[in-house]
1. Being in a helix (DSSP H, G or I) and either touching a strand residue (DSSP E or B) at 6+ places or on another chain (Cβ under 6 Å) or surrounded by 11 or more Cβ atoms within 10 Å (Cβ to Cβ) (or both) is the filter here; which residues of region 35-44 pass it?
Amino acid sequence: ITSLCQTIGACLMAIVNGIASVLQAIVGAIAAFFDILISCLTCGRGGGRRRRGGTSHV
């Protein structure tokens, strides 16, 4: 009986971890989309990951 409970617990944890990884991927995609959208609206100024460190004030 204890092994059955451990198996059910492991299965449920695998399902929860799978759902969490899918939600994390969706949130990451939404964040990347808004990053691109804001970068386009502001002509690449502010928040753009690609332009960071391009100019240096010496």
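1. Keep residues of region 35-44 that are in a helix (DSSP H, G or I), which gives 35-41.
Correct list: Asp35, Ile36, Ile38, Ser39.
For every residue, the table says whether it meets (1) modelled with pLDDT under 85; (2) at positive phi; (3) charged (D, E, K, R); (4) in contact with a Phe, Trp or Tyr (Cβ under 6 Å, 6 or more places away or on another chain).
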| residue | (1), (2), (3), (4) |
| --- | --- |
| Ser3 | no, no, no, no |
| Ala14 | no, no, no, no |
| Gly28 | no, no, no, no |
| Asp35 | no, no, yes, no |
| Cys40 | no, no, no, no |
| His57 | yes, no, no, no |
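The values are calculated or read from the model by the stated rules, or taken from the named source; none is laboratory data. Note that this is a predicted model, so its numbers are computed, not measured. Please note: Cβ atoms are built from the backbone with ideal geometry, for glycine as well, and neighbour counts cover all protein chains shown.
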